[in-house]
Amino acid sequence: MRPLFIVISAPSGAGKTTLCDMLLQHYPEMCYSVSCTTREPRGDEVDGEDYHFLSVEDFKRLIGEGRFLEHANVHDNYYGTLKDPIYQALRENQCVLLDIDVAGAGQVRDYVEALPEGDPVRVGFLDIFINPPSMEDLEARLQSRATDTPEVIGKRMGNARREMAQAQLYMHQIVNDDLDTAFRRLCDIINVNAQFI
């Protein structure tokens with residue numbers, strides 16, 4: 001088996017979180033990449049499970065040391081993915097799953113392209129974009145959540161259009177028109193690339 005570094009992106013409401021949760025349950029040899037952030041924990045979030053919660057000073061120090069695979073400042077908070085845990089998991093023959101937006105995925109892609117041929121992150125890199133069946137379906141999903149105001153939904157729809165315009169940059173695209181079918185497509189892509197079969 002080839003350990004994979006799997007990057008998955010999707011517009012909000014396309015079902016990415018559900019599909020990622022299903023993958024982690026289906027593949028015991030897969031681990032989730034926990035991102036770092038400088039924002040405060042929300043609700044019952046646990047440090048080290050939901051995020052690695054860091055001070056701004058510590059985050060900036062790690063940036064200066066070149067420790068991040070990608071990072072960004074979003075709404076005055078830093079977010080980023082550390083390199084070391086990904087390399088360690090791949091060395092231990094684990095697949096790594098990273099759920100990230102298109103901007104972060106672009107940074108990861110640039111990083112991977114600059115790596116030498118035999119680098120484990122480059123060898124195992126696989127990126128997948130999850131599309132909704134249509135913009136109308138996506139808007140209906142966001143409305144059915146009943147968690148966002150019409151203004152927030154409008155903003156998410158605008159973001160979705162911009163994100164979907166970059167879907168062709170990914171190695172694979174899946175349309176989540178039916179959850180079970182989309183999950184099977186996702187598993188097929190992973191199985192072929194990991195050479196399970």
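Round to a whole number: what % of the accessible area of the range 129-197 belongs to carbon and sulfur, probe 1.4 Å?
Details: 2100 of 4120 Å².
C and S atoms contribute 51 percent here.
Sorting check: for 95-108, 149-162, 128-141, which peptide has the highest mean count of neighbouring beta carbons within 10 Å, and how do the rest follow?
Numbers: 95-108: 20.2, 149-162: 12.9, 128-141: 17.7.
Highest to lowest by the protection proxy: 95-108, 128-141, 149-162.
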For this session: Extending each Cα 7 Å along its Cβ direction at MET171 and ALA146, get the distance between those two points in nm, one decimal.
Result: 4.1 nm
Exercise. Between ASN93 and ARG184, what is the label-to-label distance in nm when each label sits 7 Å out along the Cα-to-Cβ direction?
Worked result: 3.0 nm
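Expressed in nm to one decimal, what extension gain is obtained for the pair ARG161 and SER55 from 0.36 nm per residue of sequence separation less their Cα-Cα distance? Don't skip to the end; give the middle numbers.
Values: separation 106, 0.36 × 106 = 38.16 nm, distance 3.32 nm.
Full-extension gain reported as 34.8 nm.
Taking the range 61-197, how much of its Cα-Cα pair set, in percent, is spaced more than 23 angstrom apart? The partial results should precede the final answer.
Numbers: 4260 of 9316 pairs.
Distances greater than 23 Å cover 46 percent of the Cα pairs.
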Exercise. So what's the net charge close to GLN143: Lys and Arg +1, Asp and Glu -1, counting the other residues with Cβ under 15 Å from its Cβ?
Worked result: -1
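So, for the chain, what is the accessible surface per residue at a probe of 1.4 Å, expressed in square angstrom?
Values: 10330 Å² over 197 residues.
Heavy-atom accessible area per residue stands at 52 Å².
The values are calculated or read from the model by the stated rules, or taken from the named source; none is laboratory data. Every value quoted in this text rests on a predicted model; they were computed, and no experiment measured them. Here the Cβ is made from the backbone with ideal geometry for all residues, glycine too, and neighbour counts use every protein chain on show. To get the accessible areas, we keep the full protein, side chains included, count just its heavy atoms, and leave off ligands, DNA and RNA. Shrake-Rupley method; radii C 1.70, N 1.55, O 1.52, S 1.80 Å.
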